[in-house]
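The values are calculated or read from the model by the stated rules, or taken from the named source; none is laboratory data. Please read all numbers here as calculations on a predicted model, not as lab measurements. Please note: Cβ atoms are built from the backbone with ideal geometry, for glycine as well, and neighbour counts cover all protein chains shown. These accessible areas exclude ligands, DNA and RNA; they are computed on the full protein's heavy atoms, side chains included. Shrake-Rupley method; radii C 1.70, N 1.55, O 1.52, S 1.80 Å.
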Amino acid sequence: MYEIDATHDPKRKSWVESANAAGTDFPIQNLPFGRFRLSGSRDAFRIGVAVGDQVLDLRATGLIDTDDMNALMNAVPAERVQLRRKISEGLTAQSAKQATWQKALVPQSACEYTVPCRIGDYTDFYTGIHHATTVGKLFRPDNPLMPNYKWVPIGYHGRASSLVVSGTTVKRPNGQTLAPDAKAPELGPSKRLDYELELGYYIGQGNAQGSPISIDNAEAHLFGVGLFNDWSARDLQAWEYQPLGPFLAKNFSSTVAPWIVTMEALAPFRSPFTRAKDDPQPLPYLDGQRNREQGQLDILLEVLIQTARMREAGEAPIRLTHGSALDAAYWTAAQLVTHHTVNGCNLQAGDLLGSGTLSGSTEGSAGSLLELTSGGKIPIHLPNGETRTFLQDGDTLILRGWCERDGVVRIGLGEAAGTILG
Ligand code: CA
């Protein structure tokens with residue numbers, strides 16, 4: 001469905017010079033979608049495509065006549081593939097469009113963004129098996145994974161109203177917490193504020209209520225992927241999560257990257273979905289040939305931190321986590337779509353499915369401080385002498401993601417950054 005075609009050709013260069021720079025997140029082979037306007041303006045947000053260090057104003061090219069990203073996402077994949085081809089051809093070096101499209105470019109440094117689409121509903125899954133195991137061990141040392149984990153993609157319904165775009169500050173939440181030696185909870189600011197390294201899967205075409213999406217058809221309903229930080233207040237979570245699961249520990253804010261990298265762009269970065277022999281094989285409705293052959297996304301991920309002191313001293317952010325979605329995700333995006341709709345639930349264009357924390361199996365690849373500090377017991381030592389168990393006011397967290405393979409041009413997901421305010 002999302003085939004490798006001329007738009008992925010590593011030899012294709014753009015007349016936008018910065019798109020040809022080695023290491024750029026946004027070469028002509030990527031072409032992710034977002035919503036932008038000039039910084040500080042009161043203009044309506046418009047649909048843009050990132051290319052090099054520029055944004056291509058898509059309506060100004062004449063290729064679309066709408067500013068409604070959700071309408072664009074709701075198109076059938078064949079139409080999306082066509083649009084991608086036209087954008088790619090127009091941006092290709094020596095294109096006749098250069099003279100007119102030049103005027104449709106805006107430097108990214110002059111832009112501000114909003115969440116990339118209208119997100120009607122947001123569901124967070126729990127596909128990171130190493131995360132689920134490590135966190136489970138903190139609470140249940142003998143039985144870290146619940147018996148359902150390897151059978152059913154675990155998830156809960158989150159809240160869309162508090163999703164924010166990268167660069168938005170995050171206010172430390174208040175809530176009820178129960179101190180270890182206390183008899184009664186108290187209300188106050190969270191003392192165990194954490195991040196969660198996730199991918200967000202954006203729904204394209206929706207389904208009618210009562211009409212499940214089969215596994216073989218699931219990717220036709222996926223629009224693309226973006227970085228997602230599911231900020232979490234661990235002390236609020238520990239007190240409130242039983243019996244109904246996450247609530248105020250999660251819904252105060254989550255940060256998304258401005259850009260959605262499309263399934264089309266990700267075509268060269270797919271990997272097989274496998275299950276260990278000793279693990280239960282997926283039930284038939286979650287199992288399909290295409291999913292087996294290329295259900296997984298080969299995306300590399302990292303998290304960086306810059307404390308207020310580092311920022312004042314002009315020190316660059318340092319890496320906390322470096323891992324791979326491939327190493328972390330127990331279920332594929334297609335399986336999440338199929339499972340979400342198996343009961344007849346209707347998804348709509350722009351809905352967001354969080355992957356769950358994508359902690360890898362290797363040292364240094366844990367996607368949350370809860371894991372990196374063994375539940376807050378072992379602090380992380382930063383190069384400037386500071387330590388962290390959980391996030392302090394003034395800390396900036398930056399999520400990054402990218403794909404790279406031999407013979408293919410590297411593409412990136414941009415970043416999802418946020419600074420904690422007290
Ligand atoms: Ca989460």
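So the values come out like this:
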| quantity | calculated |
| --- | --- |
| Single unsatisfied condition, L358 versus (1) within 21 Å of G204 (Cβ to Cβ); (2) of a type outside the set (S, T, N, Q); (3) open to solvent by less than 10 Å² (accessible area, probe 1.4 Å) | (1) |
| Positions within region 167-179 being open to solvent by 30 Å² or more (accessible area, probe 1.4 Å) and out of contact with any helix residue (DSSP H, G or I) (no Cβ under 7 Å at 6 or more places or on another chain), in sequence order | G167, T168, T169, K171, R172, N174, A179 |
| Selection status of A60, in contact (Cβ under 8 Å) with a residue 24 or more places away in the chain and more than 16 Å from the ligand (Cβ to nearest atom) | yes |
| Checklist (1) farther than 24 Å from L244 by Cβ; (2) open to solvent by 80 Å² or more (accessible area, probe 1.4 Å) applied to K183, failing item | (1) |
| Hits in region 170-188 - residues which are in contact with a Ser or Thr (Cβ under 7 Å, 6 or more places away or on another chain), of a type outside the set (A, V, I, L, M) and either within 16 Å of the ligand (Cβ to nearest atom) or without any contact (Cβ under 8 Å) to a residue 12 or more places away in the chain (or both) | P173, E186 |
| Among (1) in contact (Cβ under 8 Å) with a residue 24 or more places away in the chain; (2) away from the ligand (no atom under 12 Å from the Cβ), the one test that R275 misses | (1) |
| Of the criteria (1) open to solvent by 10 Å² or more (accessible area, probe 1.4 Å); (2) more than 16 Å from the ligand (Cβ to nearest atom); (3) in contact (Cβ under 8 Å) with a residue 60 or more places away in the chain, which one Y330 fails | (2) |
| Tally of residues being open to solvent by less than 10 Å² (accessible area, probe 1.4 Å) and over 25 Å from A179 (Cβ atoms) across region 361-381 | 2 |
| Any hit, region 372-388, residues being closer than 21 Å to S253 by Cβ, acidic (D, E) and in contact (Cβ under 8 Å) with a residue 60 or more places away in the chain | no |
| Single match in T100, T61, T24, T92 (criterion: among the polar types (S, T, N, Q), in contact with a Phe, Trp or Tyr (Cβ under 6 Å, 6 or more places away or on another chain) and over 30 Å from N217 (Cα atoms)) | T61 |
| Flag for S374 being under 30 Å from T24 (Cβ atoms) and of a type in the set (S, T, Y) | no |
| Residues that are open to solvent by 50 Å² or more (accessible area, probe 1.4 Å), part of a loop (DSSP other than H, G, I, E, B), over 20 Å from G62 (Cβ atoms) and touching a residue at least 12 places away in the same chain (Cβ under 8 Å), drawn from region 23-47 | G23, S39, G40 |
| Sole exception among (1) more than 23 Å from the chain's Cα centre (by Cα); (2) surrounded by 23 or more Cβ atoms within 10 Å (Cβ to Cβ) for G412, by number | (1) |
| Single condition F390 does not satisfy, out of (1) over 30 Å from G52 (Cβ atoms); (2) outside any loop (DSSP other than H, G, I, E, B); (3) in contact with a Lys or Arg (Cβ under 7 Å, 6 or more places away or on another chain) | (2) |
